Structures are given as structure tokens and as C-alpha cells.
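Right, one structure below, let's go through it.
Coordinate-derived values only; no laboratory data. Bear in mind that the values here come from a model prediction, so they are computed numbers and not experimental data. Virtual Cβ from ideal backbone geometry, glycine too; neighbours counted across all protein chains shown.
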Amino acid sequence: MYRVFYYVLGTLLKVVFRVRVEGRENIPNHGGVIFAANHDSFWDSLILLAVLPLHLRTMLTAKAEYFYGRTWPRKLFARLASIYALPVRRQGDDRSPRDNENTLLTLEHYLCRGFGVGNHLEGTRTPIGYMYAGRLGTVQQARRTRVPIVPVAILGARDRGLPGVVTVRFGTPISVQKYAHDDYDYDKLQRREDIDDTRRVAQAIAQLGGLRYVDRVLTPAEARQLRSQGGDEWPEQAACDEAA
């Protein structure tokens, strides 16, 4: 099913969008790898999946809401989404720390078997032209599985209006090192290094795509508000420390 979906999806997207790929040489030929991308449009994930090599059999993450529905169109979409993506329940007051445990374990199993995983570092769609500080999960997963992170800038996709040229630009892989200084408070050091490496990946994506970097983590509600305003009204502060 994955192979069929891959070829059908790739053909449809190439008909609808004019996709241009840059930096293809930065995609590893083998081994586990995480692709960390910005997120402007619903189409970003599908475009990323369509341009990655089939042999990496890349699995994406998507918000859990995509996997549930009572109407037949929603059920059909959920069935298709389950072929290439795993559900992630996003930040909320009623979310349990164990809500995403099965998804995370499955993704790590995928990485250890030499496949790819695609994540949107910001965790939600953000205003076009901006790159916000990412959530820590991507770096934490890369550190545990000892795989590189390839920054990806996806430019030109739109949720509204006529499709145009979409550029997918792959950057140089980034390695995140194991924690050092075992004589320090491990939990505190772990969080500090995760924050620093997440910021480094986010800034690499921003530089790759010519995006304005804002050192703030957005909740889905805040991101919706900013997209409706068409801009950025939040102060640029070191809110990456608020990442969960």
C-alpha cells in the first residue's frame, strides 16, 4: 500500500504543483534519518513525502485529529493518512505524557531499521515567511536513536489560491551529540542541550529558506491567530524554553 500510495501521490502532486528539488545530495543514501521541515501549508507533508526516495520509506507525523471522523470522507482520509503517517496528540491541558508513547516508539523503531521520519519542527502551521522555534521532540528522538537531522525548507505551497512552483530545499545534515558532563544535573543539562540543538535546527531551516526566525514556540491556537492576521505580533523572546 505504501508503494502504491507513493507513486499515485507523486504523480498527482507533480501534475498539480511544479515541484523543484534542491540539495538532493544532502539526503542520506541509507540509514535512519529525520527530516525536519518548516510548515506553512497542509500540502507540505505530502510534497515532502513525494520527493523523498522510496527506499527510505519515510513515515510522517500528523495531528491526531486527521485520524478520526464519523463522515465517510473523514474516514477515507484517515485510512489514507494511516498509510504514511502516525498520529500525534498535540499540546493541551488534557494531554497525558503517555498519549504519544506508542507513536514515538514506532518512529524510533523505524529509524533504527534504517528508514526515514519526517517532522514539522514547529509542530503546527505558522505564517508564511516565518520560522518559529521548534519543539524538542525531534532533537530528543535523534539523540536517542543517534541519527542525523536533515533541515528542509518547503517554499511556495499555499492552502488557498492557484498552485504554483514549490521549492523543496534540503540542507546539510545536522548531528546532535550525546550529553556530556555527567557530573552535572542530568535533567537540567538535558533540557538545556535539547533547547540549544532545537534552536540550531530551526535557524538552519530559516537560513535555508530565507525565512525570518522568531525565537518563540507557538501553540496551535496562537498559530491560527497569527495566520488569520497574516503576520507576526508576538515579541521575539527566548520562549524556546517553554517548549514541551
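What is the calculated FRET efficiency for V8 to Q207, with r their C-beta to C-beta distance and R₀ = 30 Å, to the nearest 0.05? Each step should come with its number before you reach the end.
On the way: r = 34 Å, r/R0 = 1.14.
After rounding to 0.05, the efficiency reads 0.30.
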Return the distance in nm (one decimal) between the two label points of a simple spin-label model at R79 and E101, each offset 7 Å from Cα along Cα→Cβ.
-> 3.1 nm
What residues have an amide H closer than 5 Å to that of K63, excluding those fewer than 5 places away on the same chain, when H is modeled at 1.01 Å from N in the peptide plane?
-> V88
For R227 and E108 in one chain, what is 0.36 nm times their gap in residues minus the Cα-Cα distance, to one decimal in nm?
-> 39.6 nm
Using θ = phi - 60° and the Karplus relation 6.51 cos²θ - 1.76 cosθ + 1.60, list the HN-Hα couplings for the stretch 5-22 in order, rounded to whole Hz, with x at every Gly or Pro.
-> 4, 4, 6, 5, 4, x, 5, 5, 5, 6, 6, 7, 10, 9, 8, 10, 10, 10
Can you figure out the FRET efficiency of F42 with R146, using R₀ = 25 Å and their beta-carbon distance, to the nearest 0.05?
-> 0.20
